[in-house]
Each structure stands twice: as C-alpha cells, then as structure tokens.
Amino acid sequence: MTTLLRLDAVKERTALSRSRIYELLERDQFPRPVKLSGRLNAWPDHEIDAWIMARIAEREGA
C-alpha cells in the first residue's frame, strides 16, 4: 500500500530543507510529487524510500 507524504513529512524523512528539495527537483535529482489538486502536492512514500536507499548505495560504492 502506498502512502502519500506531504512536504513536512518528506522534509522529516529526508532531513532536507524545503529549498533543497525544490533545488534537487529542478535538477531532476529528486522524485517528482503527485499533483493532488490546485497547489496540493504529495510524494509516494516508496519513491522517497528508494531515493534514500540510492543515497546509501552511493555512499557504499554500490
């Protein structure tokens, strides 16, 4: 089951600031949010988890 995370939850899970998240988005280095309505965006939790695991793999040279 996929859970959608709002920005505050993504910030907490990744330890990134809002500005850093949007900077990475501009560089296509962070998962794109899902547009729910108007200005409401959220990220699928599994995509954020995969992004985190990729950072760990990079660190470990995998």
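Every number here is computed from the coordinates shown, using simple stated rules; none is lab data. Keep in mind it's a predicted model, so treat the numbers as computed, not measured. Neighbour counts run over all protein chains shown; Cβ positions are idealised from the backbone, glycine included.
How far apart, in nm, are two points set 7 Å out from the Cα along the Cα-to-Cβ line at Thr3 and at Arg27?
Spacing of the two 7 Å Cα→Cβ label points: 2.9 nm.
What GluC sites (Glu not before Pro) in the chain are in a loop by DSSP, with at most 10 other Cβ atoms within 10 Å of the Cβ?
Glu60
Treating only the Cβ atoms of Lys and Arg (+1) and Asp and Glu (-1) as charged, compute the dipole magnitude of the chain about its Cα centre; round to the nearest 20 debye.
It comes to approximately 260 debye.
Give the long-range amide H neighbours of Val34: residues separated by 5 or more places, or on another chain, with amide H under 5 Å away, using H modelled in the peptide plane at 1.01 Å from N.
Sorted by chain and number, the residues that satisfy this are Ala42, Trp43.
Could you go through the stretch 25-38 in sequence order and give the Karplus-derived ³J(HN,Hα) for each residue, using 6.51 cos²θ - 1.76 cosθ + 1.60 with θ = phi - 60°, rounded to whole Hz, and x for Gly and Pro?
Coupling constants for the stretch 25-38: 4, 4, 8, 6, 10, 8, x, 6, x, 8, 7, 8, 4, x Hz.
With θ set to phi - 60°, apply the Karplus curve 6.51 cos²θ - 1.76 cosθ + 1.60 along the stretch 39-56 and write out the HN-Hα couplings as whole Hz, x wherever there is a Gly or Pro.
Residue by residue, the stretch 39-56 yields 9, 8, 10, 8, 10, x, 4, 5, 6, 5, 4, 5, 4, 4, 5, 5, 5, 5 Hz.
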